[in-house]
Amino acid sequence: MHKALQLEPEKCTGCLQCEMACSYENESVFNPSKSRIKVFTFHDEGRFAPYTCSQCSEAWCLHACPVEAIVINQKTGAKEVIEDICVGCKVCTIACPFGTVNYNSDSGKVIKCDLCGGEPACAEACPTGAITYVDADHTGLARMKAHASQSIPK
Amino acid sequence: MAWTKKILRVNLTDGTCKAEPLNMDWALKYLGQRGLASKYLAEEINPKIDALSPANKLIMATGPLTGTMAATGGRYSVITKSPLTGTIACSNSGGFIGNEIKNAGFDMIIFEGRSPTPVYLYLENDSAELLSATALWGKSVWETDELLHTMHQDPLLRIACVGRSAEQGCLYAGVVNDLHRAAGRSGVGTVMASKNLKAVAVRGTKGVGNIRDAKQFMKATQTAKRVLAGNPVTGEGLPKMGTQVLMNVINEVGAMPTRNMREVQFEGANRISAEAMHIPRESDGKPNLTTNAACFGCTIACGRISTIDPKHYTIVNKPEYMGANGGLEFEAAWALGSDTGVDDLDALTYANFICNEDGFDPISFGSTVAAAMEMYEIGALTKADTGGIEMKFGSAEALTRAAELVAKGEGFGRELALGSKRLCEKYGHPELSMTVKGQEFPAYDPRGIQGMGLTYATSNRGACHLRSYTVSSEILGVPIKTDPLETDGKPELVKAFQDATAAVDSTGLCVFTTFAWTLEDIAPQVDAACDGGWSSESMMEAGERIWNLERQFNLDAGLTKADDTLPKRLLKDAAKTGPAKGRVNDLHKMLPHYYEIRGWTTDGVPTAATMNRLGV
């Protein structure tokens, strides 16, 4: 069973613990600018939204890569960048419709979410449950349950 | 080792920016942020100088845990000599700028001199330059923030700046970062503006590393986060209600300063409380509170994001105030509300927006308006003085008009911008100024909470609740419950809170964690990150060292024992209602013993033995 990151913006407070956890896991320093997950602030609305790669089945980035540096991790379903193969051409960053693959000028390679091999550090660090790691086939379960509750006899 | 070990020195007179190594001998004794920057300031300026002269310096300082995964590790402070009090000033802020400075590779930035023309500092990792701020001068904080993001085409820039109030010389102007977080007290923004420094725009991408024992650090911070999550105040009360959770509590114990501290309970408290912020309004069905919000790295998230009722008189035809923005914290709600007798939640929220928009301290502003209202009531101030404003207690219109005038430095706003002490002196009623060392009181009446009287009288930056928040013990029972009406044991309590707080303020962590954490929770995080072998004992000692350093600065600046006092109203006029009815603050019972346990002379001067013991 594959799992997926479930993002619930209504629970996010904008603390960026996820960005620090991600950069620490991947770069061994606390550095939001190198995080694979980003939290966006919508100031006038007073809202926050975490956003990262949704691990598309037919992944644009994977198909666009001219050197086959992006591969599927069979265990997690994540599309992972093989750093040794990546040539930093950035075509995948153009191909991704969601902007979740990005170039890292320090390494000259691209970076994207790889689900931390099945234990995503962002979900572990999120203090409010805005980021959870759940059954990939049922990311709508909590919302379904909330709506279902409206149909039970009161 | 958590420190970047580098500071940036910006000479505004010469227009130069130079990196230099951090003095690690001092870092091991004063940690960072408040402590370490105070040490730098005390070493580098003459405490007697005019705070608004080029000889003053202004330091923006992070702590060793700023920018790390430690919960609340995003704080920074602005340290300078205060134009409001003449004492050392240290104002602490959250938001995101502290982390950005650290990520750019610096522990602190020292500004010295005065630029001949308006400038801002643009800092991108190792590249620091002063750029012209001519186009920004005269703009509000919100306009400046937007302009800088547009000019640099960088949505990720973090910005701290001063508003129009600071440019116009308001003596309690702050430095606002990330639109509505502020190093708000003691006029640190006034000093920044006096240097012709409009803003600091930072982009840091280096990362914060140098953790002494990274594995241990992650373990210690995770353990500490669980303590915050499991505590009823930090895990539930603050995220849901914000600091405003205190409004009804403090009112019930009879410690809610009301109408310029004439009374100790406010009949309108429940209309401006946290609970009121949750009630949907008629016009659009939305409550005042949109959401809670976190500063960088904070797992508590006590921040308030609010909107004003779209039909409220304050914002009709003003779309710029219709979106969500920084909402009322308890201190702002108290000062703008109960102290002025105004119970209109939307008017208070609007005044709070204006304080953010043009960068001035809502505590000092609200208290100054309250003093003006009392002088108006007794006829010492007239409409001719106020430019036609009816400065009556309870008038929302007077409050919001006053905020607009202080923001821009116009009309009667120019006098309100001088603070309560100078305003009351000018109109012949110095006794009506509710200040210590020239700084206005925060929201706890010391007649109902005795330890807070000693806290205010001895605070190194004038009246302030954040120097030793004994409310924690006296009202909330954290870490142990003491009787708020008792004076015995309070000198010891105040000293312990002062020292512990000075240490926490020097780490990069938020003092609100101490509703749940003691130094036993904090020291393991600091120790895992930093060299120096940190324990709760060594942190207490560092705190005591910092306290004495600040004290000595103030004595050298010319303050004396006579400044360690409270306004007569709090010492002579008894509380009229509530549990403290009939009580005044018994400062005289606490102060001599406080000096004694501090190791100070009967004149409040640290003895040579004390200074040697602490290695100040």
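Nothing in this text is a laboratory measurement; each read-out follows from the coordinates by a stated rule. Note that the structure is predicted; figures quoted are calculated from it, not measured. All Cβ positions, even for glycine, are placed from backbone atoms using ideal geometry, and neighbour counts span all protein chains on display.
Please report the relative contact order for chain B, taking Cα pairs under 8 Å with a sequence separation of at least 6, and give it as a percent rounded to a whole number. It would help to have the intermediate numbers written out before the result.
Working: 1543 pairs, mean separation 100.8, N = 616.
Relative CO of chain B lands at 16 percent.
I need the shape label for segment B:468-614. Rule: rounded when a/c is under 1.5, else prolate if a/b > b/c, else oblate, with a, b, c from the alpha carbon gyration tensor.
On the way: a/c = 2.43, a/b = 1.30, b/c = 1.87.
Oblate, because a/c is 1.5 or more while a/b does not exceed b/c.
Starting from the Kirkwood radius over alpha-carbon pairs of the protein assembly as shown, derive D by Stokes-Einstein at 20 °C in a medium of 1.002 mPa s and give it in µm² s⁻¹. Intermediate results must be reported in sequence, preceding the final value.
Values: Rh = 26.6 Å.
Estimated via Stokes-Einstein, D reaches 80 µm²/s.
Between B:His588 and B:Glu252, what length in nm is gained on full extension when 0.36 nm per residue of separation is reduced by their alpha carbon distance? Mind dumping the intermediate values first?
Numbers: separation 336, 0.36 × 336 = 120.96 nm, distance 2.61 nm.
Separation in residues times 0.36 nm, less the Cα-Cα distance, equals 118.3 nm.
Can you list the residues, at least 5 places off or on another chain, whose amide H is less than 5 Å from the amide H of A:Tyr133, using H built in the peptide plane?
Answer set, sorted by chain and number: A:Gln6.
How many angstrom lie between the C-alpha centres of segment B:202-230 and segment A:77-151?
22
Give me the distance in nm between label points sitting 7 Å out from Cα along the Cα-to-Cβ direction at A:Asp44 and B:Glu267, one decimal.
Label at A:Asp44, label at B:Glu267, 4.1 nm between them.
Summarise the partner chain shielding of B:87-99 as one whole number: the mean count of Cβ atoms from other chains within 10 Å of each residue's Cβ.
Values: counts 0, 0, 0, 0, 0, 0, 0, 0, 0, 4, 0, 0, 5.
That average works out to 1.
Classify segment B:184-266 as rounded, prolate or oblate, taking a ≥ b ≥ c as the square roots of the eigenvalues of its Cα gyration tensor: rounded when a/c is under 1.5, otherwise prolate if a/b is larger than b/c and oblate if not.
Working: a/c = 3.63, a/b = 1.22, b/c = 2.97.
Since a/c reaches 1.5 but b/c is at least a/b, the shape of segment B:184-266 is classed as oblate.
For B:Leu12, A:Leu16, which order do you get if you count the other beta carbons within 10 Å of each Cβ and list the fewest first? It would help to have the intermediate numbers written out before the result.
Working: B:Leu12 22, A:Leu16 29.
The most exposed by this proxy come first: B:Leu12, A:Leu16.
What FRET efficiency, computed as 1/(1 + (r/R0)^6) with R0 = 35 Å and r the Cβ-Cβ distance, is obtained for B:Trp26 and B:Lys286, rounded to the nearest 0.05?
Details: r = 50 Å, r/R0 = 1.43.
It comes to 0.10.
Can you give the mean number of other chain Cβ atoms that lie within 10 Å of the Cβ atoms in peptide B:220-230? Before the final figure, lay out each step's value.
Details: counts 0, 1, 2, 0, 0, 3, 0, 0, 1, 2, 0.
Averaged over the peptide's residues, the number is 1.
Step through the residues of segment B:484-490 one at a time and calculate ³J(HN,Hα) from phi using the Karplus curve (6.51 cos²θ - 1.76 cosθ + 1.60, θ = phi - 60°), rounding each to whole Hz and writing x for Gly and Pro.
So the J values, rounded to whole Hz, are x, 9, 9, 9, 4, x, 6.
Hey, which of these cross-link pairs are over 31 Å Cα-Cα: A:Lys3/A:Lys38; A:Lys38/B:Lys29; B:Lys490/B:Lys572; A:Lys90/B:Lys102; A:Lys75/A:Lys109? Numbers along the way, then the final one.
On the way: A:Lys3/A:Lys38 20 Å; A:Lys38/B:Lys29 37 Å; B:Lys490/B:Lys572 20 Å; A:Lys90/B:Lys102 29 Å; A:Lys75/A:Lys109 24 Å.
Result: A:Lys38/B:Lys29 exceed 31 Å.
Taking amide H atoms as placed 1.01 Å from N in the peptide plane, list the residues 5 or more away in sequence, or in a different chain, whose amide H sits under 5 Å from that of B:Phe360.
Here B:Gly174 satisfy the definition.
Which order do B:Met261, B:Met218 fall in if you start with the one that has the fewest other Cβ atoms within 10 Å?
Details: B:Met261 24, B:Met218 17.
Starting with the residue having the fewest Cβ neighbours, the order is B:Met218, B:Met261.
From the backbone phi of segment B:102-112, what are the Karplus-calculated ³J(HN,Hα) couplings (6.51 cos²θ - 1.76 cosθ + 1.60, θ = phi - 60°) in whole Hz, Gly and Pro given as x?
Ordered by residue, 3J(HN,Hα) equals 5, 5, 6, x, 10, 7, 8, 10, 9, 9, 9 Hz.
Stretched out fully, how many nm does the piece from B:Asn125 to B:Asp573 gain, at 0.36 nm a residue minus the Cα gap?
155.7 nm
Can you give me the C-alpha center-to-center distance between segment B:402-458 and segment B:478-507, rounded to a whole angstrom?
The distance from the Cα centre of segment B:402-458 to that of segment B:478-507 comes to 25 Å.
Relative to the compact globular guide of 2.2 N^0.38 Å, what is the alpha carbon radius of gyration of chain B, as a ratio? List each step's numbers first, then the result.
On the way: Rg = 22.3 Å, N = 616, 2.2 N^0.38 = 25.3 Å.
That works out to 0.88 for chain B.
Quick one: Karplus J couplings for segment A:26-39, per residue in order, coefficients 6.51, -1.76, 1.60, θ = phi - 60°, nearest Hz, x for Gly and Pro?
9, 10, 6, 9, 8, 8, x, 5, 10, 7, 7, 10, 10, 9
Ranked by Cβ crowding within 10 angstrom, fewest neighbours first, how are B:Ser38, B:Ser338, B:Ser115, B:Ser283 ordered? If you can, show how the numbers build up before the last one.
Numbers: B:Ser38 27, B:Ser338 30, B:Ser115 22, B:Ser283 11.
Ascending number of Cβ neighbours within 10 Å: B:Ser283, B:Ser115, B:Ser38, B:Ser338.
If you average the sequence gap of Cα pairs under 8 Å that are 6 or more apart and divide by the length of segment A:56-112, what percent do you get for the contact order? Intermediate results must be reported in sequence, preceding the final value.
Values: 82 pairs, mean separation 17.2, N = 57.
With pairs under 8 Å counted, the relative contact order is 30 percent.
When only C-alpha pairs under 8 Å and at least 6 residues apart count, what is the relative contact order of segment B:468-614, in percent?
Numbers: 137 pairs, mean separation 32.8, N = 147.
Rounded, it is 22 percent for segment B:468-614.
Cα gyration tensor of segment B:6-203, axes a ≥ b ≥ c as square roots of the eigenvalues: rounded (a/c below 1.5), prolate (a/b > b/c) or oblate? Mind showing how you got there, number by number?
Details: a/c = 1.38, a/b = 1.08, b/c = 1.28.
Rounded, because the longest to shortest axis ratio a/c is under 1.5.
Distance in nm between label sites at B:Ile597 and A:Ala136, each 7 Å beyond Cα in the beta-carbon direction?
6.2
Across segment B:258-433, how many lysine pairs, 8 or more positions apart or on different chains, have C-alpha atoms separated by under 23 Å? Please give the number.
The result is 12.
What is the Cα centroid distance between segment B:546-604 and segment B:1-76, reported in whole angstrom?
If you average the Cα positions of each part, the centres end up 29 Å apart.
So for the pair B:Ile480, B:Lys48, with labels modelled 7 Å out along Cα→Cβ, what separation do we get in nm?
Between B:Ile480 and B:Lys48, the label points sit 4.5 nm apart.
Amide H to amide H under 5 Å from B:Arg9: which residues, 5+ apart in sequence or cross-chain, H placed 1.01 Å off N in plane?
B:Lys18, B:Ala19, B:Glu20, B:Ile110
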